[in-house]
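Working notes for the structure below.
The values are calculated or read from the model by the stated rules, or taken from the named source; none is laboratory data. What you are looking at is a predicted structure, and each value in this text was computed from that prediction instead of being measured. Ideal geometry is used to build each Cβ from the backbone, glycine not excepted, and the neighbour counts take in all protein chains shown.
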């Protein structure tokens, strides 16, 4: 072998080593990005939990009619209302159930911590 082929072989081996380090570095970077993304998803899920229940509470606080509709039902002193009030109550209840369902699945998927769900 002549000196030029040895230099080319050395250059080739050096390039393979550099490429191997680049692959390892890129895998570490991808892993770090995935961890950061997972943390961002958990934070967003926690904020969504608070926002959904806050919106539900604001609905009752801001709407005296809704509060007056719910209060007797919570006390157990009234029967289910009829007509438009019944529809309002059922639709509101459906929204509350859907919010709980979304938050439950966020918890099951690991996006909400146990202390946030409980």
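Yes or no: the stretch 50-63 includes at least one residue that is under 36 Å from the mean Cα position of the chain (by Cα), farther than 30 Å from residue 118 by Cβ and part of a helix (DSSP H, G or I).
no
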Among (1) at pLDDT below 85; (2) surrounded by fewer than 10 Cβ atoms within 10 Å (Cβ to Cβ); (3) farther than 25 Å from residue 118 by Cβ - the single one residue 7 does not satisfy:
(2)
Against the definition (exposed (fewer than 12 other Cβ atoms within 10 Å of the Cβ), over 12 Å from residue 42 (Cα atoms) and modelled with pLDDT of 85 or more), how does residue 88 come out, yes or no?
no
